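Please treat every number below as a calculation from the coordinates, not as lab data. Computed from a predicted structure; not experimentally measured. Don't worry about glycine lacking a Cβ; one is built from the backbone with ideal geometry, like all the others, and counts go over all protein chains shown.
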Ligand SMILES: [Zn+2]
């Protein structure tokens, strides 16, 4: 392998490492975001439950008002009964009280049922609140861990970048430019091996002229099909 190609190979492997570490950094940040989104969603659900509880409470209060007014009616009718002179009137009032008592027990049943659901809702609210608190604690822990990881990754990135700058300094300007041009056009793979006379970038056979150049030339050799920089891969890489 020519010296220039060798240097570019090393540069490329550094760039690959850099990309991996930068990807790791992104993923670590994503972990925190995922957790934050999850908590946000749970908070949304919690406020929905709160609204439901409020609406339900109003329903119960209005039923309780109905009950009170029925009780007041019944009380009044009972007082009236004391002053009734005729049997007929007495019977009619008694019947009316009976009707109101029946209504009252229906409403009481309804309130009881509503109360059961109401208590369930409150329990759900409490559970959800507890879960959110737990998850927020977990988030804090995660953030601490991620911060440490990010610092490590950033140090790694800095190291790689420093190393890269060193490599760059040792390369010809136009060699470097050719490399950068290929990186931006060929999915970041600029330097590829040739195995059994086949370019590993585009999988086309190389010409014997190219092969000849690869074996003798000290300059860069390019694939005639894809334009990538070639080196002979004898399985040592
Ligand atoms: Zn090729």
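Sorting the Cα pairs of the stretch 1-151 by distance into bins of 5 Å, from 0 upward, gives 2, 8, 10, 9, 8, 7, 7, 6, 6, 6, 5, 5, 4, 4, 3, 3, 2, 2, 2, 1, 1, 1, 1, 0, 0, 0 percent per bin. Under the criterion of Cα pairs below 8 Å and six or more residues apart, the relative contact order for the stretch 14-170 equals 52 percent.
Report the gain in length on full extension from residue 164 to residue 19: 0.36 nm times residue separation, minus Cα-Cα distance, nm rounded to one decimal.
On the way: separation 145, 0.36 × 145 = 52.20 nm, distance 1.26 nm.
Length gained, residue 164 through residue 19: 50.9 nm.
Here each label is just a point 7 Å from Cα along the line to Cβ, and for residue 147 and residue 234 those points are 5.3 nm apart. How high is the FRET efficiency from residue 109 to residue 45, r the C-beta distance, R0 25 Å, rounded to 0.05? The computed FRET efficiency comes out at 0.25. Each of 73, 174 was scored by other Cβ atoms within 10 Å of its Cβ. Arranged with the fewest first, they read 174, 73.
A Gaussian network model of the chain, with springs between Cα atoms under 10 Å, assigns the largest mean-square fluctuation among 159, 45, 89 to 89.
Taken along the Cα-to-beta-carbon direction at a fixed 7 Å, the label points for residue 93 and residue 119 span 3.9 nm. Its DSSP H runs of at least 4 residues, each contributing -39,500 (n - 2.57), put the calculated 222 nm mean residue ellipticity of the chain at -29000 deg cm²/dmol, to the nearest 500.
Express in nm, to one decimal, how much length is gained between residue 172 and residue 101 on full extension, taking 0.36 nm for each residue of separation and deducting their alpha carbon distance. Please report the intermediate quantities before stating the final value.
Numbers: separation 71, 0.36 × 71 = 25.56 nm, distance 10.14 nm.
My answer for the length gained is 15.4 nm.
When both bridge partners sit in the chain, DSSP labels roughly 50% of those beta bridges antiparallel. Counted residue by residue at 0.36 nm each, then reduced by the alpha carbon distance between them, the extension gain from residue 10 to residue 37 reaches 5.7 nm.
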